[in-house]
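Read the structure below first, then the notes.
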Amino acid sequence: MQPLLEKITALQTRVEYPIHVIAVNDGSKDMTANILKQWSLHLPITIITHKINRGLGETVRDGFEIAAELTRPEDVIVRMDADNTHEPDYIPSMIKKISEGYDVVIASRFKKGGGMEGVNAYRTFISLCANIFMKCLFPIKGVWDYSCGFRAYRAGLIQHAIRIYGDQFIGLKGLGFTCTLEKVIKLRLLGARMSEVPFVLRYDQKAGKSKMISSITTVGYLILALLNIYPWGPLTKKWRKEAREYRKMMYSRPHVGLTENSI
């Protein structure tokens, strides 16, 4: 956590927009709570604490709900891992893409110029195959990296998604990293315009062991495929009308640029 906060602080000196950090402490047993408390004296930080580990799904859900409350529609929400594998230096290029009119910008390992360091050949192959599988089932123009959680979102899109989906914005909470794919599928149903920027995953800098259980995540991906959430699945029938109305509203409005509160 500390290396990331140091990098974010350094980034703040190079950009014109203010950065506000939302940290979800998911039942950690180390010094995370103390580190966050100390850094909150120097950097605007909102801290959410889970007394017990609730897993990635609930952690991400809580983070997005608080972010939706604290931001204005024209702001930008950036979600990233705190284990030092996601470099904040990519954030300005992601925000630039948002300012060009995109609603979701993914830091992509599979776009030209991207990649992974510190990941063995087997895991690289599995990751590539999983993303090809997702691309075939849920084709989205301009998207190749469906499983990277390092993304920038237009805040207004997240706010509306939470209003429409409610607690089901992330419905498969206990299935590993499935929530990363689920968000993309549900935001695409709202007509979100998506793009990518090249990104190098620094797994060689990772602090601590990986919490990903591949078997659980694979089951989650299969459940998403069976539900076929987008575009013909039974779950979409509940939300399709509101999604159409939202798309109509968004496409009828002139493009709104970034304001001073960007992250």
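For this structure, a couple of remarks:
- Scanning the stretch 21-77 for residues that are among the aromatic types (Phe, Trp, Tyr) and touching a Phe, Trp or Tyr at 6+ places or on another chain (Cβ under 9 Å) yields one hit, Phe64.
- Residue count for the stretch 130-183, restricted to those that are of a type in the set (D, E, K, R), open to solvent by less than 40 Å² (accessible area, probe 1.4 Å) and not in a loop (DSSP other than H, G, I, E, B): 5
- Flag if Ser215 is surrounded by fewer than 13 Cβ atoms within 10 Å (Cβ to Cβ), farther than 29 Å from Lys97 by Cβ and at pLDDT below 65: yes
- As a summary of the residue check, Lys186 satisfies the conditions (1) surrounded by 21 or more Cβ atoms within 10 Å (Cβ to Cβ); (2) touching a residue at least 60 places away in the same chain (Cβ under 8 Å) except for the one numbered (2).
- Residue list for the stretch 34-80, filter: assigned to a loop (DSSP other than H, G, I, E, B) and surrounded by 15 or more Cβ atoms within 10 Å (Cβ to Cβ): Ser40, Leu43, Arg54, Thr71, Glu74, Asp75, Met80
- Once the stretch 155-186 is narrowed to residues that are among the basic types (Lys, Arg) and over 11 Å from the mean Cα position of the chain (by Cα), the residue that is nearest to Lys96 (Cα to Cα) is Lys186.
- The set of residues in the stretch 1-33 being in contact with a Pro (Cβ under 8 Å, 6 or more places away or on another chain), within 17 Å of Val76 (Cβ to Cβ) and open to solvent by less than 70 Å² (accessible area, probe 1.4 Å) consists of Ile8, Leu11, Gln12, Val15, Pro18, Ile19, Val21.
- Selection count, the stretch 91-125, where residues are in a strand (DSSP E or B) and among the basic types (Lys, Arg): 0
- Filter result for the condition that a residue is among the hydrophobic types (A, V, I, L, M, F, W, C) and at pLDDT 95 or above, over Ile126, Ile106, Ile140, Ile162: Ile106
- Condition check for Thr85: among the polar types (S, T, N, Q), open to solvent by less than 30 Å² (accessible area, probe 1.4 Å) and touching a Phe, Trp or Tyr at 6+ places or on another chain (Cβ under 8 Å): yes
- The stretch 173-204, residues that are polar (S, T, N, Q) and at pLDDT 90 or above: Ser195
For every residue, the table says whether it meets (1) farther than 22 Å from Tyr203 by Cα; (2) under 17 Å from the mean Cα position of the chain (by Cα); (3) at pLDDT 95 or above.
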site: Thr13; (1), (2), (3): yes, no, no
site: Gly27; (1), (2), (3): yes, no, no
site: Lys37; (1), (2), (3): yes, no, no
site: Leu43; (1), (2), (3): yes, no, no
site: Gly57; (1), (2), (3): no, yes, no
site: Ser93; (1), (2), (3): no, yes, yes
site: Ile98; (1), (2), (3): yes, yes, yes
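The values are calculated or read from the model by the stated rules, or taken from the named source; none is laboratory data. Keep in mind the model is a prediction, meaning the values are calculated, not measured. Ideal geometry is used to build each Cβ from the backbone, glycine not excepted, and the neighbour counts take in all protein chains shown. The accessibility values were calculated without ligands, DNA or RNA, using every heavy atom of the protein model including side chains. Shrake-Rupley method; radii C 1.70, N 1.55, O 1.52, S 1.80 Å.
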